[in-house]
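Since the structure comes first, as structure tokens, the remarks are kept for the end.
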Amino acid sequence: PSLAFAVLEKEQELAHHQSGHNSGVIHSGIYYKPGSLKAKLCVQGAALCYEYCDQKGIPYKQCGKLIVAVEQDEIPRLKALYERGLQNNVRGLKLIGAKEIQAKEPFCRGLMALDSPYTGIVNYKQVAQSYAEDFQEAGGTILTDFEVTNMEMAKESSSESEDGLKYPVIVRNSKGEEIYCRHIVTCAGLYSDRLSEISGCSPEPRIVPFRGDYLVLKPEKCYMVKGNIYPVPNPRFPFLGFHFTPRMDGSVWLGPNAVLAFKREGYKLFDFSTGDFLDAVTYSGLWKLVLRNLSYGMSEMYRACFLSAQVKQLQKFIPEVTINDVLRGPSGVRAQALDSDGNLVDDFVFDGGSGDIGSRILHVRNAPSPAATSSLAIAKMIADEVKRRFEL
């Protein structure tokens, strides 16, 4: 209550990128390594998300999720996932057989499934806008169209000044406007590494953008899907695999795939930025990732180009889906953090730095899915960390 807060947003509106382009799923916390921040914050965050939506009258649907094994060799992985979910304190999990799958999802075929009844869907853009209203009502200021390009320490103030220099950090935008502040928290998604560099902190982990393209079921075919239907994840590629995702507007999204994006905010197939492209392809970590997973990457690119290849993936779960039932849909870009050895950085990463600005800053370096689900739990953690780090 004793501090003044401002949010600096480079776009004209809030939730314009990852928060407005995600699947809209309220995740329950099954997938994540027990004890990790993802596991802990997702389970807490999902409960807080439902509570918040109830308080604010934001519509959501607790439509549940089935993670479906369609091959015999997926069953051990599915059972391991069930055990992991139990360790993470996910409510209501159970393993079900083929008949129960069909009772829940009449058009879905599978040998066994993990049933997660507390998984839900919501419009996260609406949630983010509600957060913004709360923030402003509490006295916070939101400055849109404020693209941060520079941070530096202010010059020493005159010795007569009683406070000395109360707001020693200057944050500048692309138009030369300045904000003076004491401390900074960055939550910049696709630009988290660049803001870290601007502040004089480490550029690692680096962000490499991956575009995920969705298909959509034609409206007259949406009856085929009641809740979320997910594949058993491949442990090597945790963010790949085609999902059936119902949306709050009644539509059903299918996908996404994952291909390297040639622009950090490149939602269309031919979007290209020379700077972003060079940034990605000159990073040794990306080449190490690509060379280790070349065949998988090539098949993802093939599927991105050919609709029939994507439909073939979907037919493993719902055989009745045909190429005539789907249309190309929207896309999102995932800010994938990579280390210099080419490893996907899996957990949330928060850090600061040393030096004048580094000691006054907290970077949210990596907050991939389930960050939207976890947002209220992440917020509490950031608030606690800020209080501790900056001795507020």
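The values are calculated or read from the model by the stated rules, or taken from the named source; none is laboratory data. Note that the structure is predicted; figures quoted are calculated from it, not measured. Reconstructed Cβ throughout: ideal geometry from the backbone, glycine too, with neighbour counts over all protein chains shown. Calculation scope for accessible area: heavy atoms of the full protein, side chains included, ligands and nucleic acids excluded. Shrake-Rupley method; radii C 1.70, N 1.55, O 1.52, S 1.80 Å.
The table for this structure:
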read-out	value
Two-site label geometry, residue 72 and residue 143: point separation in nm, points 7 Å out along Cα→Cβ	6.4 nm
Average Cα contact separation per residue, the chain, under 8 Å, 6 or more apart, as relative contact order %	22 percent
Accessible-area value, residue 175, 1.4 Å probe, nucleic acids and ligands omitted, Å²	120 Å²
Under-5 Å amide H pairs with residue 336, H placed in peptide plane, nonlocal only	208, 210
At 1.306 mPa s and 10 °C, Stokes diffusion of the chain via Kirkwood alpha-carbon radius, µm² per second	71 µm²/s
Full-stretch length increase - residue 293, residue 278 - with 0.36 nm per residue and alpha-carbon distance subtracted	3.4 nm
For the chain, share of DSSP beta bridges that run antiparallel, in % to the nearest 5	80 percent
Under 18 Å from the Cα of residue 312 - lysines, other chains or at least 8 residues apart	218, 221
Axial C-alpha extent at least 24 Å, average Kyte-Doolittle at least -1.0 - helices from the chain (DSSP)	37-56, 371-389
Added length on full extension, which subtracts the Cα-Cα distance from 0.36 nm per residue, residue 83 to residue 167	25.2 nm
Accessible heavy-atom area order of 363, 21, highest first, probe of 1.4 Å	21, 363
Distant alpha-carbon pairs in segment 255-380 (separation over 19 angstrom), percent	64 percent
Residue among 34, 76, 231 with the largest mean-square fluctuation in a Gaussian network model of the chain, springs linking Cα atoms under 10 Å	76
3J(HN,Hα) from dihedral phi, segment 248-257, Karplus parametrisation 6.51/-1.76/1.60, rounded to Hz, x for glycine, proline	4, 7, x, 7, 10, 8, 10, x, x, 8
For segment 12-108, Kirkwood radius (reciprocal of mean inverse C-alpha pair distance, Å)	15.6 Å
Charge dipole of the chain about the Cα centre (unit charges at C-beta), most positive-ward option of 333, 235, 143	235
Surface accessible to a 1.4 Å probe, residue 222 within the full protein complex, Å²	20 Å²
